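Below is one structure; the comments refer to it alone.
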Amino acid sequence: MNLPLPDDIGDWNWETVLTLSTVVEGQYLEYKAELHRSVDTEGFDSEWKKKLEREVTAFANASGGIIVFGVDDDGEPNPIERPEHELKQSITRLIQNTQPPVDIDIAEPIEVPDPETDRVILPVYINEATRKPVLTSDSAIYFRINDRKEPMSIDQLEKLIIERDRRQQAIRQLEMEIDRFSDLLEEEGRRRLSENADEPPDFHLIDTDSLKSALQRNTHLYSGEDTREAIIKVFRHLREVEDEEAFYNGVIRGDRERRAGAEEFNKKRRKEFNLDIEQLERSLERLAEVADLQVNVRNDESSK
């Protein structure tokens, strides 16, 4: 998001709140003076809940964004009272009926630096949905356009569905490649990596090109901090596997000096290759966890 604010709402503080008056609402930012309607009647509360659902789903159907509760439309602080229930529970209740559920991150409340009040400011990050479109509880579809939530047009919906299908295909391909990698390491593949220690490493078992291609197709996964970090680690370990193979082949061709006999050299390179594979496996397990991939990975007990 292109905002002059800390990317992680967990890093926000009162100084951040004071700068909001210089930041106008837009594609990625919305201010809300209230968390609940001050008029405590069923009709007002129901309408307020619908409006909030529309705001949240509009962000989820676009590229995500931040809603700051306790701030007026002009960015001036207007701290809210702490609700009866825990804040995260209160917000979750307001949007619990969206389909599919919206993934949100709720920061710790930012307290007003005044001992005479317990009011707070609350930033909430709405993640871009991985399964679009996201519908409100009354089956409406909204999209964030600049500083507004707009009903999604037929053309926008068609584009969204096409993009959703593309992402789903990319995810399925990535899941297939991870499963293929895991299957190779189970049973025969894992034995071949560990046995015949004086034989050349079995570089051919690992198809790094297919894994890299599948990762590159899933550009949408880079929008999340956890998934982005996980993907970066996978690429790093893939490079280590490729570098090990390139080094080995360079020695065999005579481009590099071999300072040991063939058997000792093979044992050392096989050991290094196996370590690289174990690190790659762990990084893929982490990616599967944070990206909620449906793959067959080892559980914690079996990976020890």
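Below are the figures for this structure:
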read-out: Per-residue Cβ neighbour rank within 10 angstrom, fewest leading, Thr92, Thr117; value: Thr117, Thr92
read-out: Two-site label geometry, Glu111 and Asp179: point separation in nm, points 7 Å out along Cα→Cβ; value: 5.1
read-out: Computed over segment 97-152, Kirkwood Rh from alpha-carbon pairs, angstrom; value: 13.7
read-out: Per residue, the convex hull volume that the Cα atoms of segment 9-152 enclose (Å³); value: 106
read-out: Among Glu34, Glu111, Glu257: highest mean-square fluctuation, GNM of the chain, C-alpha pairs under 10 Å; value: Glu257
read-out: R0 of 41 Å, Cβ-Cβ distance Arg258-Met1: FRET efficiency to nearest 0.05; value: 0.20
read-out: C-alpha long axis of helix 154-185 to longest principal axis of the chain, angle in °; value: 30
read-out: Ranking of Val120, Val17 by count of other Cβ atoms within 10 Å, fewest first; value: Val120, Val17
read-out: Charged-residue dipole, Cβ positions (Lys, Arg, Asp, Glu), the chain about Cα centre, Debye nearest 20; value: 1140
read-out: Cα centroid of segment 47-86 to Cα centroid of segment 106-143, whole Å; value: 5
read-out: Cα-based equivalent ellipsoid, segment 159-290: semi-axes from gyration tensor eigenvalues, Å; value: 33, 15, 12
read-out: Label-point separation, Asn296 to Lys51 (7 Å along Cα→Cβ), nm; value: 5.3
read-out: Peptides 218-225, 123-130, 147-154 ordered by average Cβ neighbours within 10 Å, highest first; value: 123-130, 218-225, 147-154
read-out: Ala33 paired with Ser139, simple spin-label distance in nm, labels 7 Å along Cα-to-beta-carbon; value: 3.6
read-out: Karplus-derived HN-Hα couplings along segment 244-252 (A = 6.51, B = -1.76, C = 1.60, θ = phi - 60°), whole Hz, x at Gly and Pro; value: 5, 5, 5, 4, 4, 5, x, 5, 4
read-out: Net lengthening on full extension, Arg148/Glu229 (0.36 nm per residue, minus Cα-Cα); value: 26.0 nm
read-out: (1) 22.7; (2) 23.4; (3) 20.7, with the label sought being that of the calculated Kirkwood radius over Cα pairs in Å; value: (1)
read-out: Length released on extending from Arg282 to Lys159, taking residue separation times 0.36 nm less the Cα-Cα span; value: 40.7 nm
read-out: Segment 9-152 - percent relative contact order, Cα under 8 Å, separation 6 or more; value: 33
read-out: Calculated from backbone phi, Karplus (6.51, -1.76, 1.60) coupling profile of segment 87-103 in Hz, x at Gly/Pro; value: 4, 4, 5, 5, 5, 4, 4, 5, 10, 5, 9, 6, 10, x, x, 7, 8
read-out: Difference of contour (0.36 nm per residue) and Cα-Cα distance, Gln89 to Arg166; value: 24.3 nm
read-out: Candidates Arg144, Arg172, Arg54, ranked by Gaussian network fluctuation over the chain, Cα under 10 Å, top entry; value: Arg172
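A short reminder: the numbers here are calculations on the coordinates, not readings from a lab. It should be emphasised that the depicted structure is a prediction, and the values quoted were computed from it without experimental measurement. Positions of Cβ are generated from backbone atoms using ideal geometry, with glycine treated the same way; all protein chains shown enter the neighbour counts.
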